[in-house]
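Scroll down for the structure; my scribbles are underneath it.
All of the numbers you see were taken from the coordinates with simple rules; none came from a lab. Note that the structure is predicted; figures quoted are calculated from it, not measured. Positions of Cβ are generated from backbone atoms using ideal geometry, with glycine treated the same way; all protein chains shown enter the neighbour counts.
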Amino acid sequence: MNIHFKLNGTPTEVEAEADEMLLEVLRRELKLRSVRATCGIGICGACTVLVNGELISSCIFLAPLAEGCEITTVEGLGGDHPVQHAFEEEHAFQCGYCTPGMILTTKNFLEENPAPSDEEIKVALGGNLCRCGCYVKIIRAVKRAAREEHVQ
Amino acid sequence: MSNPRVTGAIRYAQDVEFDGMLYASILRSPYPHARVLKVDASAVPKSVVVLTLDDIRELGSYGCQIKDQTVLAIERARFVGDPVAAVAAPTKREADEALDLIDVEYEPLPGVFDAVEAVAEGAPLVHEHHAISDNDAAYFGIRPQEGTNICHRFRIRHGNIDEGFEQADVVVEETYRTPSAQHVPMEPHASVARWVDDRLEVWTGTQTPFNLRMDLAGIFSIPESQIRVISPPMGGAFGAKTFVRTEAIAACLARKANRPVKIVLSRYEEWLTLNRHPATIQVKLGAQADGTLVAKRVVCWVDTGAYADCGPGVAQKMGYAAVGPYRIPHVWVDSHCIYTNLPPNGAYRGYGAMQAVWASERTMDLLAAKLGMDPLEIRLKNVLVDGDQFCTGEVMHDVHFIECLHDIAEKIGWAENKQGKGLCVLMKGMQTPSRASIVVEANEDGSYTVYCATAEMGQGAWLSIRKMAAELLGVEVEKVHYPEPDTDIIPYDTRTTSSRSTYMMGRALVEAVRDLKRKGEIGYGECVNTGGLDPDTGQGVASTHWHQGAAAAEVSVDEETGKFQVLKLHAAIYAGHVVNRPGAELQNEGSMIMGLGTTLFEQITFEEGQPTNANLSDYNIPAAGDLPESFTSELLEREGADVHGLGETALPPIPPAIGNALYSLGIHLTDLPLSAEAVLQAIDAREQAKGGRS
């Protein structure tokens, strides 16, 4: 079947099986490599994308449900987003595999809570796992992003 | 913004693609031990390429230390997950569907799932013979015990153990158990293989490109020069991406299909590919009344699963790491690497040190308690200093355990109050012997290219090596290029393991830059460290370079439920000279967090050889919320000092620091992880010993 959605601002049409997950379609058909599989059961957050502004685990989100939606991946942030800057400045990654999911979660979270405490950040990142264990610097990056977005 | 990790532009092995590429799936044994009687793939459509026993029977066997593995299980499947067939199809979905059409007939056999039981009389034999590998990862004397499940026996005989215990005024004895754990690299194992004429090319996230090439050459009976291994950056590895994992099956399928073939494992398959060695360790430690250590006896039962992998090396390192960084005149160690019918166990951040340090450092606190001594004082009194002899006979140099201990004691506030607090100090060897070599080339545009086998798995090695090169060459780091390791163009390196790269490659780099300055266009440098241990006496040089650290923890326990909180965690690592501070901090913090997972909840459970928590819902890894309120680390530097490896040093001291903190409250635990249930039982035991809980 054909599915239509707006991907990072661009109207997009893709072919997918009715029972396929959005993750597979984004990777295979649209070559979006920032969207990554780890757990396959919606726990780790490596496959996080924004669907109509909501955080979604694309590994358990049926592709046809994206019909007519607006989808944002890290590619859509363009590289100059304050959250991306903050992650780079704070060295908030090692292997980088979970980083796109962390960045999207942070972006979404800071829109809701522009001045979070450490405890609130830890809760907000509960669905994004980093096996390299970069959490100390990730928390700093979230706080830096909050400051920078505030300045903007 | 240029960092490809932040923009998502980084390409891992799982992202490698070629036109006409097929996707593979692996059919795995559902039995932990079974005879494979028949594999019938006649129902599989012709568009799918199938690999069965007939395709691989003529191929060589492999194994980095013991040659005990074939591309598919030939006669017997030896663990739940042992590959018995594989397929490649135009899509992953078609490949998965084809697996259901393959009919396999098994005859289940009795299995053995515990290393201690596997060495008992009459235990089923997992392998009939243990052929020592010709791969250069078999770098030490391996002592398989024919007719048993023991594929390596390592011994240390130092002093006279009986006389030692006779001199002891106080002796403590305990047995400790550590379970299997999963590395959980966020990126699963992924490889792409293709044949270009008679040459095999493999893109794979690997820490060991040259060891992999050796084993692949043996499997296909072709010269190593006919194989090209390329290692893109990895989405985490932690020891899991070593030696042969998915590459041999991908290469066989690619040859049969005459097309490129990609394998990306599912998360479940990660549990069937490589895990951490479960271990049982018995420690007996004796000291004089003033706290001077006189004798230590250690026995390790190291469960390597159904195939040895690098288990013999792990058992050896566990054996000497369990002695600890102490002056002990009489030492006796027996460490056995033992087959069972569990999935293979291999390198896991620390390479056996975690299991050993848990046993050794918990015992130090038992001894301190029995002597009525301060746990810090007994460590300071016995810890190795420069010029001391270790139990291997080697004389220690460049050791800083006392500084590490002073730092953690200060940070945890040891002098003020010791209740609920615990300490740990550790030493960890670096791969010895080994060789690192590197080429530096000057480009016409004023930039430089380093050709180096060191793999990037997130540890930041490429940046560290580029930074060191830039400093030596007097240019900006942006002027130093580091292409992906490609065995066609890089010089030999032992492997990216045991936190050796910054130290060993750093030294090779100094030579290469010196050579470049002499010659003008290209320079070559190498660094060789020599040594090794006699497997029967443990005498020799265990390591030419020691990783040293210490950790302290503070806990609070709910005595009614056994639930406890780690309030403070601090680790101090001797770093000598830090090359890239944020990277070094990340390695330290990441090791501590992994250690926290191992302490608190990580444990693979098996039921008769079947993994029962092989997913990230039932098997938890630490999240941001698991960080203790106070979580700090220190990188100890000294003027003019050498670079010290630090990729894993801060993991092993975490479990004993927390275990000893609980012990300061009378809660004695011997088995990891430290569940609330176990704490509650230990509280009950303490109260019973006191004469009943009120």
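Using modelled amide H (1.01 Å from N, peptide plane; none on Pro or chain starts), what sits under 5 Å from the amide H of B:Met186, excluding residues fewer than 5 places away?
Close amide H contacts, sequence-distant or interchain: A:Arg131.
If you wrap the stretch B:10-146's Cα atoms in a convex hull and average its projection over all directions, what's the area in nm²? If you can, show how the numbers build up before the last one.
Details: hull surface 45.9 nm².
If I average the Cα hull's projected area over directions, I get 11.5 nm².
Using modelled amide H (1.01 Å from N, peptide plane; none on Pro or chain starts), what sits under 5 Å from the amide H of B:Cys424, excluding residues fewer than 5 places away?
HN-HN under 5 Å from B:Cys424: B:Ala551.
Using a simple charge model, +1 on the beta-carbon of Lys and Arg, -1 on the beta-carbon of Asp and Glu, nothing else, what dipole does chain B show about its Cα centre, in debye to the nearest 20? Display every interim value, and only then the final one.
Working: 61 positive and 93 negative charges, 94 e Å.
Its charge dipole is roughly 460 debye.
Taking amide H positions as placed in the peptide plane 1.01 Å from N, state which residues far from B:Met430 in sequence (5 or more) or on other chains have amide H under 5 Å from it.
Residues meeting the amide H criterion: B:Thr544, B:His545, B:His547.
Treating only the Cβ atoms of Lys and Arg (+1) and Asp and Glu (-1) as charged, compute the dipole magnitude of chain A about its Cα centre; round to the nearest 20 debye. Write out the running numbers ahead of the final one.
Numbers: 14 positive and 22 negative charges, 124 e Å.
That gives a dipole near 600 debye.
Using Cα-Cα distances under 8 Å and only pairs 6 or more residues apart, what relative contact order does chain A have, in percent? Can you show the working numbers first?
On the way: 270 pairs, mean separation 36.6, N = 152.
Worked out over chain A, it gives 24 percent.
Ignore the peptide's own chain and count Cβ atoms of other chains within 10 Å of each Cβ in B:583-594; give me the average, rounded.
On the way: counts 2, 0, 4, 9, 3, 2, 7, 9, 2, 2, 7, 3.
Counting Cβ atoms of other protein chains within 10 Å of each residue's Cβ and averaging gives 4.
Calculate the mean, over all residues of peptide B:621-631, of how many other protein chain Cβ atoms lie within 10 angstrom of the residue's Cβ. Each step should come with its number before you reach the end.
Values: counts 7, 5, 12, 19, 8, 4, 6, 0, 2, 0, 2.
Counting other chains' Cβ atoms within 10 Å and averaging over B:621-631 gives 6.
If you add up the charges near B:Leu37, with Lys and Arg at +1 and Asp and Glu at -1, over every other residue whose beta carbon is less than 12 angstrom from its beta carbon, what do you get? Kindly include the intermediate steps, with their values, before the conclusion.
Numbers: positive: B:Arg35, B:Lys38, B:Arg76; negative: B:Asp40, B:Glu75, B:Asp103, B:Glu105, B:Glu107.
Value of the local net charge: -2.
Please list, by residue number, every one of the trypsin sites (Lys or Arg not before Pro) in the stretch A:18-62 that is coil in DSSP and has at most 12 other beta-carbon atoms within 10 Å.
Details: sites: A:Arg27, A:Arg28, A:Lys31, A:Arg33, A:Arg36; in loops: A:Lys31, A:Arg33, A:Arg36.
Those that pass, being in a loop and sparsely packed, are A:Lys31.
Report relative contact order for chain B in percent, whole number only (criteria: Cα-Cα under 8 Å, sequence separation at least 6).
Working: 1827 pairs, mean separation 102.2, N = 694.
That works out to 15 percent.
What fraction of the DSSP beta bridges in the stretch B:434-530 is antiparallel, stated in percent and rounded to the nearest 5?
Working: 14 of 16 bridges.
If we restrict to bridges inside the stretch B:434-530, about 90 percent are antiparallel.
Report, ordered by chain and residue number, the lysines lying within cross-link reach of A:Lys107, taken as a straight Cα distance under 27 Å and ignoring same-chain residues fewer than 8 apart.
Partners found: A:Lys6, A:Lys31, A:Lys122, A:Lys137, A:Lys143.
Measure of size requested: the Rg and Dmax of the stretch B:344-476, with Cα atoms as the atom set and Å as the unit; please supply both.
21.1, 69
Distance in nm between label sites at B:Asp684 and A:Lys31, each 7 Å beyond Cα in the beta-carbon direction?
6.2 nm
Quick check for you: which residues of the stretch B:414-442 have the amide N under 19 Å from the point 7 Å beyond the Cα of B:Val385 toward its beta carbon?
Counting backbone N atoms under 19 Å from the label point, the list is B:425-427.
Explain nothing, just the number: dipole magnitude of the stretch A:2-74 about its Cα centre with +1 on each Lys and Arg Cβ and -1 on each Asp and Glu Cβ, in debye rounded to the nearest 20. The partial results should precede the final answer.
Numbers: 6 positive and 10 negative charges, 85 e Å.
The dipole magnitude comes to about 400 debye.
State the antiparallel share, in %, of DSSP beta bridges confined to chain B, rounding to the nearest 5. All intermediate terms of the calculation are to be shown ahead of the outcome.
Values: 95 of 123 bridges.
Counting DSSP beta bridges with both partners in chain B, the antiparallel share is about 75 percent.
When the Cα atoms of the stretch A:79-151 are enclosed in a convex hull and the volume is divided per residue, what value in Å³ results? Walk me through the numbers before you get to the answer.
Numbers: hull volume 5.5 nm³, N = 73.
Given the Cα convex hull of the stretch A:79-151, per-residue volume reads 76 Å³.
So for chain B, what are the equivalent ellipsoid semi-axes in whole Å, largest first, each being the square root of 5 times an eigenvalue of the Cα gyration tensor? Don't skip to the end; give the middle numbers.
Working: eigenvalues 321, 201, 109 Å².
Semi-axes (√(5λ), whole Å): 40, 32, 23.
How much net charge surrounds B:Met364 when only the other residues with a Cβ under 15 Å from the Cβ of B:Met364 are counted, with Lys and Arg +1 and Asp and Glu -1?
Every neighbour counted, the sum reads +4.
Using θ = phi - 60° and the Karplus curve 6.51 cos²θ - 1.76 cosθ + 1.60, what whole-Hz ³J(HN,Hα) does each residue of the stretch A:89-95 get, with Gly and Pro shown as x?
4, 8, 6, 8, 6, 10, 6
What do you get for Rg/Rh over the protein assembly as shown if you use C-alpha atoms and the Kirkwood form of Rh? Walk me through the numbers before you get to the answer.
Numbers: Rg = 26.4 Å, Rh = 27.6 Å.
Answer for the protein assembly as shown: 0.96.
Between the stretch A:76-152 and the stretch B:55-75, how many Å separate their Cα centres?
Using only Cα atoms, the two centres lie 46 Å from each other.
What ³J(HN,Hα) values, in whole Hz, does the Karplus curve 6.51 cos²θ - 1.76 cosθ + 1.60 give for the stretch B:442-447 when θ = phi - 60°, with x put for Gly and Pro?
Couplings: 8, 9, 5, 8, x, 8 Hz.
Does a label point 7 Å from the Cα of B:Gln145, set along Cα-to-beta-carbon, have any residues of the stretch B:284-324 with amide nitrogen under 18 Å, and which are they?
B:297-308, B:311-320
Using the basic label-point model (7 angstrom from Cα toward the beta carbon), what is the B:Glu128 to B:Val395 distance in nanometres?
Calculated label separation equals 5.2 nm.
Just report the Cα centroid separation between the stretch B:411-486 and the stretch B:321-391, whole Å.
Taking the Cα centre of the stretch B:321-391 as reference, the centre of the stretch B:411-486 is 27 Å away.
When the Cα centres of the stretch B:93-139 and the stretch B:265-312 are compared, how far apart do they sit, in Å?
The distance from the Cα centre of the stretch B:93-139 to that of the stretch B:265-312 comes to 21 Å.
Using 7 Å Cα-to-Cβ label points, what is the B:Arg518/B:Asn160 separation (nm, one decimal)?
Modelled inter-label distance: 5.3 nm.
Report Rg(Cα)/(2.2 N^0.38 Å) for the stretch A:2-74, keeping two decimals. Please list the in-between numbers first.
Numbers: Rg = 10.7 Å, N = 73, 2.2 N^0.38 = 11.2 Å.
Cα-based Rg divided by the globular estimate yields 0.95.
Quick one: go through the stretch B:425-459 and flag any residue whose amide nitrogen is under 16 Å from the point 7 Å out along the Cα-to-Cβ line of B:Val528.
Of the residues in the stretch B:425-459, B:432-438 have backbone N under 16 Å from the label point off B:Val528.
Within the stretch B:268-376, which chymotrypsin sites (Phe, Trp or Tyr not before Pro) sit in a loop by DSSP and count at most 10 neighbouring Cβ atoms inside 10 Å? Can you show the working numbers first?
Working: sites: B:Tyr268, B:Trp271, B:Trp301, B:Tyr307, B:Tyr320, B:Tyr326, B:Trp332, B:Tyr339, B:Tyr348, B:Tyr351, B:Trp358; in loops: B:Trp271, B:Tyr307, B:Tyr348, B:Tyr351.
Nothing satisfies the criteria.
Taking the Cα centre of chain B as the origin and placing charges on Cβ (Lys, Arg +1; Asp, Glu -1), which of B:Ala85, B:Ser556, B:Gly647 is farthest toward the positive end of the dipole?
B:Gly647
Using the Karplus curve 6.51 cos²θ - 1.76 cosθ + 1.60 with θ = phi - 60°, what ³J(HN,Hα) values do you get for each residue of the stretch B:164-169, in whole Hz, with x for Gly and Pro?
x, 5, 5, 6, 7, 8
Along the positive direction of the dipole of the protein assembly as shown (beta-carbon charges: Lys, Arg +1; Asp, Glu -1; about the Cα centre), which of B:Gln565, B:Ala623, B:Val440 reaches farthest?
Among B:Gln565, B:Ala623, B:Val440, the one farthest towards the positive end of the dipole of the protein assembly as shown is B:Val440.
Could you work out, for chain A, what percent of all Cα-Cα pairs fall into each 5 Å distance bin, beginning at 0 Å and stopping at the bin that holds the largest distance?
All Cα pairs, binned at 5 Å, distribute as 2, 10, 20, 23, 19, 13, 8, 4, 1, 0 percent.
I'd like the FRET efficiency for B:Glu97 and B:Ser556, computed as 1/(1 + (r/R0)^6) with the beta carbon distance as r and R0 of 56 Å, rounded to 0.05.
Numbers: r = 53 Å, r/R0 = 0.95.
Plugging the Cβ-Cβ distance into 1/(1 + (r/R0)^6) gives 0.55.
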